[in-house]
1. Looking only at the range 203-219, count how many residues are more than 15 Å from Lys110 (Cα to Cα) and open to solvent by 10 Å² or more (accessible area, probe 1.4 Å).
2. Here is a list of conditions, (1) among the acidic types (Asp, Glu); (2) open to solvent by 20 Å² or more (accessible area, probe 1.4 Å); (3) in contact with a helix residue (DSSP H, G or I) (Cβ under 9 Å, 6 or more places away or on another chain), and Glu475 meets all of them except one; can you say which number that is?
3. Checking Tyr615 against (1) among the aromatic types (Phe, Trp, Tyr); (2) over 19 Å from Gly267 (Cβ atoms); (3) part of a helix (DSSP H, G or I), which single condition isn't satisfied?
4. List, please: which pairs have Cβ atoms under 6 Å, are six or more places apart or on different chains, and start with a residue in the range 51-70 that is over 19 Å from Phe17 (Cβ atoms) and end with one that is of a type in the set (S, T, N, Q)?
5. Which count do you get for residues in the range 319-335 that are over 18 Å from Asn21 (Cα atoms), open to solvent by 30 Å² or more (accessible area, probe 1.4 Å) and part of a strand (DSSP E or B)?
6. From (1) modelled with pLDDT of 85 or more; (2) open to solvent by 30 Å² or more (accessible area, probe 1.4 Å); (3) over 17 Å from the mean Cα position of the chain (by Cα), pick out the condition that doesn't hold for Ala563.
7. So, in the range 256-314, exactly how many residues are open to solvent by less than 40 Å² (accessible area, probe 1.4 Å), without any contact (Cβ under 8 Å) to a residue 40 or more places away in the chain and within 19 Å of the chain's Cα centre (by Cα)?
8. Can you name the residue in the range 160-185 that is at positive phi and out of contact with any Leu (no Cβ under 7 Å at 6 or more places or on another chain) and, of all such residues, is surrounded by the most Cβ atoms within 10 Å (Cβ to Cβ)?
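The values are calculated or read from the model by the stated rules, or taken from the named source; none is laboratory data. These figures come from a predicted structure and were not determined experimentally. Positions of Cβ are generated from backbone atoms using ideal geometry, with glycine treated the same way; all protein chains shown enter the neighbour counts. Each accessible area value is taken on the protein alone, full model and side chains, heavy atoms only, with ligands, DNA and RNA left out. Shrake-Rupley method; radii C 1.70, N 1.55, O 1.52, S 1.80 Å.
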Amino acid sequence: MTSQPLPPTQAQLPPYFAGLNEAQRRAVETVEGPVLVLAGAGTGKTRVLTTRLAHLLASGAARPWNILAVTFTNKAAREMRERVANIIGPSVEQVWLGTFHALCTRILRKHAELVGLKSNFTILDADDQVRLLKQVLEAEGIDDKRWPARVLMTVIQRWKDRALPPEKIGAAEAGDLAGGKLPQIYAAYQQRLKTLNAADFGDLLMHTVALFTAEADVLQQYQRQFRYLLVDEYQDTNVAQYLWLRLLAQGRHNICCVGDEDQSIYGWRGAEIGNILRFEADFPGAKVIRLEQNYRSTPSILAAASHLIANNKDRLGKTLWTEAEAGDNVKVTAVWDGEDEARRVGDEIEALQRKGLQLGQMAILVRAGFQTREFEERFITLGINYRVIGGQRFYERLEIRDALAYLRVVQQPDDDLAFERIINTPKRGIGQTTVQTLHKLARAQGVPLLAAASAMAGTDELKPAARRAIATVVEDFTRWRQMVDGVGPADLAQTVLDESGYTAHWQQDKSAEAPGRLENLKELVRAIGEFESLASFLEHVSLVMDIDEVDPGQQISLMTLHAAKGLEFDSVFLPGWEEGLFPHPRSLDENGNAGLEEERRLAYVGLTRARKRAYVTHAANRRIHNMWQSSVPSRFIGELPADAIEVEAESGLFGGSAVGGSYAGSIYESRPAAWLSQPRRQAPLIEGRAVNLTPKRSGGFPAGTRVFHQKFGYGTVRAVDGDKLEIEFEHAGLKKVMDSFVTAG
């Protein structure tokens, strides 16, 4: 009988294996054949990837140039290179290690002629791409105002993410974009790129896929060279990246992909979760290794996150566990409104600081960018230093600066800097030559630009089109200034944004950023409504923006959930977990159940950023677009396990007690019918019992009933729409609220 060899002892293993757990070690040692490493949040993914690369080199399995290691960011590539260099030395410099785009560029430089380029081709940035497309649109007679170049470029880049050249775009795919001519425009754009000996970022992958598909000898050359492929964040790959990897892997099948389907949150920018879900079908005989020991979070946080994500169907599945000591349960708090939410979070942050915790180890993760404003202003009031990661502070964002410029000119017509910023925003046909003419007259007469514009609107010094545009701008500002004393500042701001065409400008923009910019503008109008006058608001903004720079380690981080992926903090605050905000309605409307599952993955990512403490808050009311709207808790709160959360609510909120089952029951009974239609695996459990999901039906409050609302006081029901009431309040005016928030008066 042949005896089985004993596993090596720790002393017999190379030193770089020290500290690896069993699953991590198997992921490092299994170097032959296709391998999928399912790395849950906080399970040491980066360590496994870098140790595997080092092991391939140190064990002699491959020479440096035989390894292709792909990351999604330059930062990740640098980190991996540095870590491997610390293990095996400078030979890592010869490894083909970098982002998809960097590696494809390296290949294309060698074979550029085969795709119609020269080896010294230029790579265009986003602005140059749009400028070039504008030239094509003009040549094709397409109205850039009707079909903005930036919008059409977004569509073209999505086609390139799927490795679809112009000739593969059918009529159904193109729809009525640019009058049905977008495939021809795409083809003309590609031809212009070749004429300029240029490529955009989408081309780098698309051209390389085309090269490998058409030139078998070139593909075989790289298949022979790259004996081992390593891929990071495989769940985030798009179609073109997937095709590129599959073509290279067909040679030796030694491909190792590391990823987590539960953290696939970039579908909106082309990522295909199906790539990781069908790995075993794409690579028969593949080994799947699950990294499930979490080194980041407490058991309660892991339990909450795992129970939540288990509601998704499109997943391969894993069970995270930890040897960490039991920590605090996830705290779920109901608040009255956004202002109350910011106040409570601020109070908790100060309490943590008093215990000696550092701001640099705290973060607030929001679903939508507009949510940051109330937290920013609260932090300024409290003197809490903060930084916005992955974006700008609220009042520094482009759309907010533009809107503020309009309002500054309304309030102070002498503000030339503000006037010049928006004189042609949105586009009105007022070019730089016209602006220079205005400057010349203003200097000559010693008057502001707006006064110069008023004077020139009645002369023949400008071309007719520019003169008409200038006259319209002058008339608009004259009218708006006359409104200052007659309407509230919020109504004035909304009027300015609408009548100037600025709101429509972003409504017509189909880029990924446009919806967020519109939400920010609505939040701005809401903020203005909290002030007695436009002047007091503008003074407030000036003071808010005058903030000294502080050491990042002494600042709390504010960011979106998308920007938080890959980061971790001791304490994480997750505000705005309400239906209509999270899950985001746009994601549900556009992608249905797939969108819901991606939103749930986003919630999972948010929870798993926390090491020690996680705080979820939801508001009973949100004031959106300067109108109060009643809210119900996010369905994701109902998917958190009762034994891993601590529920708290203000007395009287949702008609229940401060904590526990009656509170939970009442809030979930008020779910809208649309929520009930979404697919679910089971009813949410709170305090160990299933919650009644049947929504309340109004019937106790017919039209004419006198009622009382804790926020708005007494009023009379005017109309009933399901579980929503339209009420004329004695002091707050006409409002729409949920029937569960009122009592008979």
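1. Initially, the range 203-219 is screened for residues more than 15 Å from Lys110 (Cα to Cα), giving 203, 206, 213-214, 216.
Now drop any that are not open to solvent by 10 Å² or more (accessible area, probe 1.4 Å), which leaves 206, 213-214, 216.
Qualifying residue count, the range 203-219: 4.
2. The failed condition is (3).
3. The failed condition is (3).
4. Pro64/Ser91; Pro64/Gln94; Trp65/Gln94
5. 1
6. Only one criterion in (1) modelled with pLDDT of 85 or more; (2) open to solvent by 30 Å² or more (accessible area, probe 1.4 Å); (3) over 17 Å from the mean Cα position of the chain (by Cα) is unmet by Ala563, namely (3).
7. Qualifying residue count, the range 256-314: 1.
8. Of the range 160-185, the ones at positive phi are 163, 175, 178-180.
Narrowing further to those that are out of contact with any Leu (no Cβ under 7 Å at 6 or more places or on another chain): 175, 179-180.
Details: Gly175: 10, Gly179: 13, Gly180: 11.
Among those residues, the one meeting the criterion is Gly179.
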